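K.L.:
What follows is a structure written as structure tokens; I'll ask about it next.
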Amino acid sequence: MAALLGGMAWCAQHGATAQPAAPAAEQGAQIRFSIPAGPLDQALTGFAAASGIQLLYDSSLTHGRQSPGASGALPPREALRRLLAGSGLEGQFTSPQAVMLRPVPQQGSAADGSVILPEVNVTAGLQQRAWQPVRGYVADVAATATKTDTPILETPQSISVVTRDQMDDQQVQNVGQALRYSAGLEGEYLGAYGSNDEAYSRGFAMDYYLDGMRVLHNAGPGAGTQIESFNLERIEVLRGPSSVLYGAGSPAGIINLVSRRPSDQAGGEVRLQAGSHDRLLGGFTSTGPLNADKTLLYRMTGVGWQGGTQVDGSRQQRLSISPALTWRPDDRTSWTIIGQYAYDPEGGLYSYIPASGTILPNPNGTLDLRRNYGDQNSYNNTRRQYGITSLFEHQFNDTWTVRQNFRYYHTRSVLDGYYPQFFAANQRNLLGVYTRRGMEYDGYTADTHAQARFRTGPVNHTVVGGFDYQGASGENTWYSDRTLYSCDVFTYNPCPPTGGPRYGNPVLRNTQSLNRYGLYLQDQIAWGGWRLLLGGRQDWADSTTRNLLNNATTKMDDSAFTGRVGLLYAFDVGLSPYVSYAESFNPQSGTDAGGSPFKPTTGRQYELGVKYQPPGWNMLLTAAVYDLRQQNVLTPDPNNTLFSVQTGEIRSRGVDLEAKASLNRNINLLASYSYLDNTVTRANDATQGKHPVLFSAHRASAWLDYGFLEGPAEGLRLGAGMRYLGPSWGDTANTLRVPSATLFDARISYDLGALGPSLQGLTAVVNATNLADKQYIRGCYTEGQCFVGLGRTIIGTLSYRW
């Protein structure tokens with residue numbers, strides 16, 4: 001993409017000589033088009049959807065123009081020619097998968113007989129932006145690593161992008177499922193419980209961001225914010241410390257969720273689903289201009305779903321709506337407002353199951369992994385969340401751009417139920433307790449930065465400098481009836497009623513407020529094929545925690561400087577080796593089970609990697625090795641899984657390999673492998689020298705999606721995938737080993753538009769995950785607290801797009 005844009009910019013300055021089109025475009029196979037006459041911009045949207053070819057043009061060129069349409073089996077070049085007939089525009093293939101539109105030139109002849117074209121004005125509107133839709137599985141540009149629209153091939157740190165097309169093909173139901181086929185990511189460690197987004201990479205929990213600003217997500221199972229995956233355009237994953245640009249954070253990196261934004265091209269989708277466990281879903285998204293000059297754009301996205309889960313007596317339900325409005329008075333100014341609201345009246349069952357009778361032998365028999373061993377009559381898991389996001393950008397000139405982003409978010413949740421803990425000595429009676437946790441938080445984030453692009457001699461600079469703020473305040477309350485209840489689970493199903501919980505005074509109740517400020521500066525330096533990334537940041541953080549049970553107040557006040565450096569060389573053949581170093585700093589928000597605030601953590605990572613994108617191929621191959629360390633790391637509390645503890649220092653070393661490809665409009669490919677060796681290198685107990693729980697040393701995945709473009713199977717697509725989850729440790733002493741699991745996924749879809757023009761836009765899909773219905777334990781905290789993996793799930797989808 002960088003070479004393409006660079007060539008376009010050269011043409012804009014010097015004029016261009018017409019050359020023969022790329023052979024792949026000239027000899028492309030025929031595609032069935034059914035594009036009616038009408039507005040040209042709508043016709044071009046239909047062409048791009050049918051052909052998979054990216055169209056680059058300034059939207060002002062098509063404004064007010066009409067198209068005669070195109071129908072029948074045609075080569076893409078001929079179909080585009082027909083669509084543009086009479087418009088005064090023509091298309092130039094800049095690659096087999098990209099076309100630039102321009103006015104039909106007044107031609108002159110050069111001395112050598114070639115055709116000289118007039119100067120082409122390439123505007124910023126032609127650049128691929130990191131929030132825009134991507135056709136297929138391969139994104140060329142990402143902003144999470146640099147806060148600029150930088151080619152992934154030129155970014156000296158490991159980054160992955162999950163596109164909307166990939167999420168739709170795999171019909172993911174939450175963000176954790178969307179990460180299944182990315183290298184080294186664990187987004188489903190809670191197994192079948194899908195109401196909490198918490199992902200791990202390189203041995204640590206990752207931070208969640210929405211449109212470049214942090215969201216409170218990991219306040220506890222069912223308690224933090226969960227962003228609806230249907231509202232997203234893409235997911236960008238940055239591995240490794242990212243404090244220089246984002247401030248306080250985990251050394252694992254960040255998951256940046258990118259919202260669907262308004263478009264100046266009218267379009268949308270209506271989706272209906274039905275599937276396993278009586279799941280029903282209805283969703284829609286609609287976008288387009290609100291006025292003739294397209295200065296005001298809208299998008300409205302909504303989804304509602306309900307159904308049971310694989311566990312008896314457990315249900316999930318959600319209603320989500322996200323309106324968005326963009327004001328774009330000119331091509332240099334954009335202001336987008338996005339609203340978010342979600343209500344989960346039922347969040348599913350958060351519970352665990354003992355290792356005895358599942359992955360360990362039990363003399364009394366085997367436990368049923370689909371059974372609810374809690375009290376079905378007392379369980380309550382509800383959540384309500386809402387917020388508003390403002391994204392403003394203004395480009396003063398070719399050098400200076402300023403951006404100002406802000407978000408307010410509110411989350412309120414209750415998690416109430418009976419939780420089995422462990423077996424009694426007879427290995428028949430399962431003991432458990434009732435607990436109730438309530439949480440209510442308000443969060444504020446703001447980020448203001450300026451970007452300057454300039455040259456110093458032969459060296460190009462992209463400098464970003466800014467100030468950001470993160471604040472949160474809220475209250476956390478936890479109850480327990482302090483009684484161990486017993487049930488002979490091999491005799492009773494369900495267990496006899498206990499009479500419900502008998503809560504007294506709370507065992508924990510506190511309020512907490514935190515403020516984080518940061519100043520940062522970054523320079524991306526380009527000289528020939530060299531890319532040097534330098535960055536530094538100063539952070540300040542304070543928090544106040546008040547224990548409402550004893551009126552004790554704990555305050556924290558910290559500051560730190562973090563740095564980052566990366567060096568990359570971009571060869572013309574599409575190969576980019578790199579080396580990088582990055583640091584993290586994180587004054588922890590939250591408390592341990594005793595109500596004490598966590599200490600700050602620090603981290604550092606060395607990474608060596610290579611990226612490869614073969615010229616002319618829509619493919620990206622990446623490989624990275626790393627050494628990552630964090631001090632005062634948070635790990636799950638083995639005695640109370642709603643909280644975490646700090647055990648000192650953990651070292652992670654490993655390898656991440658990933659491949660993504662979208663070829664010939666009908667082949668999509670994903671493959672990944674990761675190796676992780678993480679060890680507690682410093683602790684004041686027996687965990688020193690041990691491996692933390694939950695993390696697999698080996699993980700691998702592969703996915704292939706193939707579509708038939710012609711013949712009797714035209715419109716049919718088939719997909720299949722495999723995921724290998726290696727064994728992990730289930731206790732801090734490393735005596736309980738959780739077995740590995742190999743899972744298979746599949747999909748079949750049919751484009752009903754292949755049957756006739758009247759069905760254009762309709763698609764029917766069936767997806768199946770864990771096709772063989774493998775019964776497995778996903779991970780354990782202790783011998784008494786293991787999480788059941790998600791069993792076979794089948795979902796049928798009927799969607800209509802326009």
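The values are calculated or read from the model by the stated rules, or taken from the named source; none is laboratory data. Remember, predicted model here, so these are calculated numbers, not experimental data. Glycine also receives a Cβ, built like all others from the backbone with ideal geometry; neighbour counts cover every protein chain displayed.
K.L.:
Show me the strands (runs of 3 or more DSSP E) found entirely inside the stretch 73-162 where at least 2 residues are at pLDDT 80 or above.
P.N.:
The qualifying strands (runs of 3 or more DSSP E) are 89-95, 98-103.
K.L.:
Moving on. Is there a residue in the stretch 331-348 that is of a type outside the set (Phe, Trp, Tyr) and either over 30 Å from the mean Cα position of the chain (by Cα) or within 30 Å of ASN426 (Cα to Cα) (or both)?
P.N.:
The answer is no, given that none of the residues of the stretch 331-348 is of a type outside the set (Phe, Trp, Tyr) and either over 30 Å from the mean Cα position of the chain (by Cα) or within 30 Å of ASN426 (Cα to Cα) (or both).
K.L.:
Tell me which of these GLU233 doesn't satisfy, since it passes every other one: (1) in contact with a helix residue (DSSP H, G or I) (Cβ under 6 Å, 6 or more places away or on another chain); (2) assigned by TED's automatic domain parsing to the domain that holds GLN605; (3) crowded, with 18+ Cβ neighbours inside 10 Å; (4) of a type outside the set (Ser, Thr, Tyr).
P.N.:
(2)
K.L.:
Please find, within the stretch 549-577, the residue that is nearest to GLN588 (Cα to Cα) out of those that are acidic (Asp, Glu) and surrounded by fewer than 16 Cβ atoms within 10 Å (Cβ to Cβ).
P.N.:
Applying the first criterion (acidic (Asp, Glu)) to the stretch 549-577 yields 557-558, 572.
With the extra rule that they be surrounded by fewer than 16 Cβ atoms within 10 Å (Cβ to Cβ), the set shrinks to 557, 572.
Values: ASP557: 11, ASP572: 44 Å.
Here the residue is ASP557.
K.L.:
Another one. From the list GLY616, GLY609, exactly one residue is within 22 Å of LEU663 (Cα to Cα), touching a residue at least 24 places away in the same chain (Cβ under 8 Å), among the small types (Gly, Ala, Ser) and in the same structural domain as ILE525 (by TED's automatic domain parsing). Which is it?
P.N.:
GLY616
K.L.:
Another question, then. Can you find even one residue in the stretch 641-663 that is touching a Pro at 6+ places or on another chain (Cβ under 9 Å), of a type in the set (A, V, I, L, M), part of a strand (DSSP E or B) and in contact (Cβ under 8 Å) with a residue 12 or more places away in the chain?
P.N.:
Taking every residue of the stretch 641-663 in turn, at least one turns out to be touching a Pro at 6+ places or on another chain (Cβ under 9 Å), of a type in the set (A, V, I, L, M), part of a strand (DSSP E or B) and in contact (Cβ under 8 Å) with a residue 12 or more places away in the chain.
K.L.:
Do we find a residue being modelled with pLDDT under 95, buried (at least 17 other Cβ atoms within 10 Å of the Cβ) and part of a loop (DSSP other than H, G, I, E, B) anywhere in the stretch 716-729?
P.N.:
No, there is no match, as no residue in the stretch 716-729 is modelled with pLDDT under 95, buried (at least 17 other Cβ atoms within 10 Å of the Cβ) and part of a loop (DSSP other than H, G, I, E, B).
K.L.:
Scan the stretch 377-415 for residues that are in a loop (DSSP other than H, G, I, E, B), of a type outside the set (Gly, Ala, Ser) and crowded, with 16+ Cβ neighbours inside 10 Å and jot them down. Quick ask: steps written out before the conclusion?
P.N.:
Going residue by residue through the stretch 377-415, those that are in a loop (DSSP other than H, G, I, E, B) are 377-379, 396-399.
Restricting the remaining residues to those that are of a type outside the set (Gly, Ala, Ser) gives 377, 379, 396-399.
Result: TYR379, single match.
K.L.:
While we're looking at this one, here's another question. Do we find a residue being touching a His at 6+ places or on another chain (Cβ under 6 Å) and either outside any strand (DSSP E or B) or not assigned by TED's automatic domain parsing to the domain that holds ASN668 (or both) anywhere in the stretch 177-197?
P.N.:
Yes, there is a match, as at least one residue in the stretch 177-197 is touching a His at 6+ places or on another chain (Cβ under 6 Å) and either outside any strand (DSSP E or B) or not assigned by TED's automatic domain parsing to the domain that holds ASN668 (or both).
K.L.:
Now a separate question. Quick test of your reading of the structure: ASP468 fulfils all but one of (1) of a type outside the set (A, V, I, L, M, F, W, C); (2) touching a Pro at 6+ places or on another chain (Cβ under 9 Å); (3) surrounded by 20 or more Cβ atoms within 10 Å (Cβ to Cβ). Name the failing condition by number.
P.N.:
Looking at each condition in turn, ASP468 falls short on (2).
K.L.:
Shifting gears a bit: Of everything in the stretch 745-778 that's among the small types (Gly, Ala, Ser) and at pLDDT 95 or above, which residue is surrounded by the fewest Cβ atoms within 10 Å (Cβ to Cβ)?
P.N.:
ALA772
K.L.:
Shifting gears a bit: Pairs only if they're at least six apart or on different chains, beta carbon under 8 angstrom, first in the stretch 678-690 and in the same structural domain as THR732 (by TED's automatic domain parsing) and in contact (Cβ under 8 Å) with a residue 60 or more places away in the chain, second of a type in the set (Lys, Arg) and not in a loop (DSSP other than H, G, I, E, B); list them, first residue then second.
P.N.:
Note: pairs meeting the criteria are ASN678/ARG651; ASN678/ARG653.
K.L.:
When the residues of the stretch 763-802 are filtered to those that are of a type in the set (A, V, I, L, M) and in contact with a Leu (Cβ under 7 Å, 6 or more places away or on another chain), which remaining residue is nearest to ALA425 (Cα to Cα)?
P.N.:
Here the residue is VAL788.
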